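Worksheet: one structure, shown below.
The values are calculated or read from the model by the stated rules, or taken from the named source; none is laboratory data. What you see is a predicted model; the values in this text were computed from it and never measured. Cβ atoms come from the backbone with ideal geometry, glycine included; neighbour counts cover every protein chain shown.
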């Protein structure tokens, strides 16, 4: 089955940072190199994505999944991450780290194509309906990965210290695949079933991402 569902042992990190616009090109080069080295040398890193907002490209979200916390610590000590941190540190004007808990990590085994479309959703769920929402979104992710060729990944996770605050990190082959997804029967069922469960929703369009390391 081409999906990685609930992973009890996975160690998930979510970061939100802003980069000095004058240093954005250099930051991007450093980040691309870090992703390439991470992909080729660290089997304990299961997913490693980052994307910038389309309207504010210096605002960047980073989503990381590790086999366990030890794999995360090994990543922090790797030469390529140390190089990235040393080079990018002066370029970053603000940085927030969040530990996160996976709800459903759905992915195809292959990497998405260059120029894939990434959408990020920031959701606040009614606490009394959190379990019901997790079940509904997990069902929708499972169906999307199984039956939609253009859906490469939908990852749902909750912020550890704010468990009713969820994030969805979605990767589509292109804009057409994203629009087809929104017209799918399973997505429409999800919208109808979850509309009263969501207190607040923010949808973020992103610039074309660096080709990510994917779950496997």
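Given the conditions (1) without any contact (Cβ under 8 Å) to a residue 40 or more places away in the chain; (2) in contact with a helix residue (DSSP H, G or I) (Cβ under 9 Å, 6 or more places away or on another chain), and given that residue 66 satisfies all but one, which numbered condition is not satisfied?
Unmet for residue 66, out of (1) without any contact (Cβ under 8 Å) to a residue 40 or more places away in the chain; (2) in contact with a helix residue (DSSP H, G or I) (Cβ under 9 Å, 6 or more places away or on another chain): (1).
Identify the single condition in (1) under 30 Å from residue 29 (Cβ atoms); (2) crowded, with 19+ Cβ neighbours inside 10 Å; (3) modelled with pLDDT of 95 or more that residue 117 does not satisfy, given that it satisfies every other one.
(3)
Is at least one residue of region 99-108 closer than 27 Å to residue 19 by Cα, over 16 Å from the mean Cα position of the chain (by Cα) and surrounded by 18 or more Cβ atoms within 10 Å (Cβ to Cβ)?
No: zero hits.
Mind counting the residues in region 174-206 that are touching a strand residue (DSSP E or B) at 6+ places or on another chain (Cβ under 8 Å) and assigned to a helix (DSSP H, G or I)? I'd like the intermediate steps shown before the answer.
Step one: list which residues in region 174-206 are touching a strand residue (DSSP E or B) at 6+ places or on another chain (Cβ under 8 Å), which gives 174-175, 177-178, 181, 197-206.
Imposing the further condition that a residue be assigned to a helix (DSSP H, G or I) reduces the set to 175, 177-178, 181.
Residues flagged as touching a strand residue (DSSP E or B) at 6+ places or on another chain (Cβ under 8 Å) and assigned to a helix (DSSP H, G or I) within region 174-206 amount to 4.
Checking residue 40 against (1) modelled with pLDDT under 95; (2) farther than 28 Å from residue 162 by Cβ; (3) touching a helix residue (DSSP H, G or I) at 6+ places or on another chain (Cβ under 9 Å): exactly one of these is not met. Which one?
(3)
Quick one: is residue 166 modelled with pLDDT under 95, in contact with a strand residue (DSSP E or B) (Cβ under 7 Å, 6 or more places away or on another chain), buried (at least 17 other Cβ atoms within 10 Å of the Cβ) and closer than 22 Å to residue 99 by Cβ? Step through it out loud before you land on a result.
On the way: modelled with pLDDT under 95: no; in contact with a strand residue (DSSP E or B) (Cβ under 7 Å, 6 or more places away or on another chain): yes; buried (at least 17 other Cβ atoms within 10 Å of the Cβ): yes; closer than 22 Å to residue 99 by Cβ: yes.
Considered against the rule, which asks whether it is modelled with pLDDT under 95, in contact with a strand residue (DSSP E or B) (Cβ under 7 Å, 6 or more places away or on another chain), buried (at least 17 other Cβ atoms within 10 Å of the Cβ) and closer than 22 Å to residue 99 by Cβ, residue 166 comes out as no.
Looking at residue 130, is it surrounded by fewer than 17 Cβ atoms within 10 Å (Cβ to Cβ), at pLDDT 95 or above and over 27 Å from residue 32 (Cβ atoms)? Working first, answer last.
Working: surrounded by fewer than 17 Cβ atoms within 10 Å (Cβ to Cβ): yes; at pLDDT 95 or above: yes; over 27 Å from residue 32 (Cβ atoms): yes.
Judged against the criteria, residue 130 is a match.
Starting from residues that are buried (at least 18 other Cβ atoms within 10 Å of the Cβ) and in a strand (DSSP E or B), keep the ones in region 133-160 and report whichever is farthest from the chain's Cα centre (by Cα).
Checking each candidate, the answer is 151.
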